[in-house]
Each structure stands twice: as C-alpha cells, then as structure tokens.
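What follows is one structure encoded as structure tokens, with my remarks underneath.
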Amino acid sequence: MAERKKLYEGKAKILYATEDPAVLVTYFKDDATAFNAQKRGTIVNKGRINNAVSTHLFQLLEAQGIATHWIDSPQGQADGREMWVKPVTIVPLEVVVRNLAAGSLCRQTGIALGTPLTPPLVEFYYKNDDLGDPLLTCDRIRAMDIASDDTVTQLQQMAQRINQVLINFFNGCGITLVDFKLEFGTLADGTLVLADEISPDTCRLWNQNETDESRRVMDKDRFRQDLGDVESGYQQVLDRILAHTS
Ligand code: TMP
C-alpha cells in the first residue's frame, strides 16, 4: 500500500485511509490507558497481541454468521499490528456484556465480584470521553436520538449471540469470559456490523487454572490494578487461542 492518510488516532489504535476507498487500515499501538486516560502506560507487544487475538475472534464470529468489519490481517507487515477493515460509521455506544459481576458493576451496585449473572447483562454506555462514557438507558438512547429502537434491539441480539460464541470458545481455552465491550458500525448500505476490536484490552478474562483473585486475571485489569506481568497475561491469552485453534 502506498502513502496513507491518518484519519483518526485513538488511545489504542490509529485508523488510516488507503488508496482503496473500500479498505481502511487499523494500526494497533502498545499504548495503554485506563480510567478515561487518567492512567497511561505501555504494554510491550500489546498491539501485536491484540491484533492477533481480535483477528482470531473476528474470524471465529464471521464463521458463525456474525458480520464484522474485518477484511484481513496481513502478516509480515508492521510487525503484525495492522488489520484491514471495512469503513463503517461507528454507532456511539459501547455495548458491554457481563456474565460475572466485576468492575464498575461491583463498584456501582455492591454485587460481589464473580457473582454469576443469569441471564447475562447487556448494557449501553455513551461513547463520549468528555462525559466519561456514562451508562445509558433505552429511554435515554431514544431521547438522545443515538439509535432507533430497532437498532437497539438488533445490538442486544447481536451482543447475546456474540457472547454465546465467545463463552464457548474461551471455555475451550480454559478461560472464563467475565465481561467485554463491543462497538458496532454501519456499512454504506446500512448493515450493522461488529467493529473495533475484541482483545484483552476490552474483555475480562480469568484463567480457569488459577483460583487466586489476582493471579487469575489475564486482561487489562492487570494494568488497571497494577497487578504486574501485564504482557505475559496478554501473551498467555493469545497462546491459548492459538493452541486451541491449531
Ligand atoms: P467496566 O466494568 O469498567 O464497566 O468494564 C466492562 C468491560 O468493558 C470490561 O471488560 C472492560 C471493558 N471496557 C472497555 O473495553 N473500555 C472501557 O473504556 C471500559 C470502561 C471498559
């Protein structure tokens, strides 16, 4: 690919245009932030690992009939940090699915860490850093005119299907999928597709071989909570995915 125009730089990724209007390039950085960027750091190799994990999970979901923005993840390019994606208009909602209580759910409700949530919770947060990504209700989404009721229903259904596929897959890797965040976008023809990434940055993943509360964490909570060995947590997620798919 020739000269690329940077379209957008976020906290963890950069989006570039290519000479083909049907293809954008996502570059996965090693930069890590938490608590709305109040905490900043670097996780060595995170970009490469998150791209590889997201690539596997997008391919898995595509194989299950779930449309995503993923096109290809060319190897040997930019140290495996690049993903080619379809251009989408991002729906400004963070869709969080929770199977076990953790994080902000525990802080805001007092539900104990690890409590099973049956059925899983599907929550919407407004993707707006200035407002601190607040939790929304369906009524608020309607009042803010962010998405139609039909789109909200479709997002809930897609999130639930994705959750089932991912729970089963991670179980096969000896990993419990505690919760995760999804983002969706619309293609030029209006089709809703899964976008962004699914990685240890955006999921809580617990090692089923560890019972100790801090040792079992394989995801960005290692960075958020200063648990140490952040890179090896991420690498272990990728290693298990590769072992399980080979
Ligand atoms: P929370 O418990 O902090 O609300 O996070 C729920 C899930 O969403 C967890 O897997 C981490 C993920 N997440 C993101 O991917 N980006 C974010 O900005 C936040 C706050 C959470």
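Looking at the stretch 1-10 only, could you name the residues that are charged (D, E, K, R) and modelled with pLDDT of 95 or more?
5, 6, 9
Select from the stretch 88-121 the residues that are assigned to a strand (DSSP E or B), near the ligand (Cβ under 9 Å from one of its atoms) and of a type outside the set (Val, Ile, Thr) and list them in ascending order.
Residues of the stretch 88-121 that are assigned to a strand (DSSP E or B), as a first pass: 89-90, 93-100, 116-121.
Checking the rest, the ones that are also near the ligand (Cβ under 9 Å from one of its atoms) come to 94, 96-98.
Those that are assigned to a strand (DSSP E or B), near the ligand (Cβ under 9 Å from one of its atoms) and of a type outside the set (Val, Ile, Thr): 94, 98.
If residue 46 satisfies every condition in (1) within 30 Å of residue 191 (Cα to Cα); (2) crowded, with 20+ Cβ neighbours inside 10 Å; (3) of a type outside the set (Asp, Glu) but one, which is the exception?
(1)
Among the candidates 39, 29, 6, single out the residue that is out of contact with any Gly (no Cβ under 8 Å at 6 or more places or on another chain), closer than 26 Å to residue 104 by Cβ and basic (Lys, Arg).
Values: 29 fails: out of contact with any Gly (no Cβ under 8 Å at 6 or more places or on another chain); 6 fails: closer than 26 Å to residue 104 by Cβ.
After ruling out the rest, the residue left standing is 39.
Where residues in the stretch 36-50 are without any contact (Cβ under 8 Å) to a residue 60 or more places away in the chain and not charged (D, E, K, R), which of them is nearest to residue 222 (Cα to Cα)? Don't jump to the end; show me each part of the working.
Going residue by residue through the stretch 36-50, those that are without any contact (Cβ under 8 Å) to a residue 60 or more places away in the chain are 38, 40, 42, 47-48.
Cutting the leftovers down to not charged (D, E, K, R) gives us 38, 42, 47.
Values: 38: 16, 42: 12, 47: 16 Å.
Residue satisfying both the conditions and the ranking: 42.
Have a look at 33, 68, 55 and point out the one that is surrounded by 13 or more Cβ atoms within 10 Å (Cβ to Cβ), touching a Lys or Arg at 6+ places or on another chain (Cβ under 6 Å), within 30 Å of residue 126 (Cβ to Cβ) and in contact (Cβ under 8 Å) with a residue 12 or more places away in the chain.
Values: 68 fails: touching a Lys or Arg at 6+ places or on another chain (Cβ under 6 Å); 55 fails: touching a Lys or Arg at 6+ places or on another chain (Cβ under 6 Å).
Just one listed residue meets the conditions, 33.
The values are calculated or read from the model by the stated rules, or taken from the named source; none is laboratory data. Note that the structure is a prediction, hence the values are computed from the model and not measured. Reconstructed Cβ throughout: ideal geometry from the backbone, glycine too, with neighbour counts over all protein chains shown.
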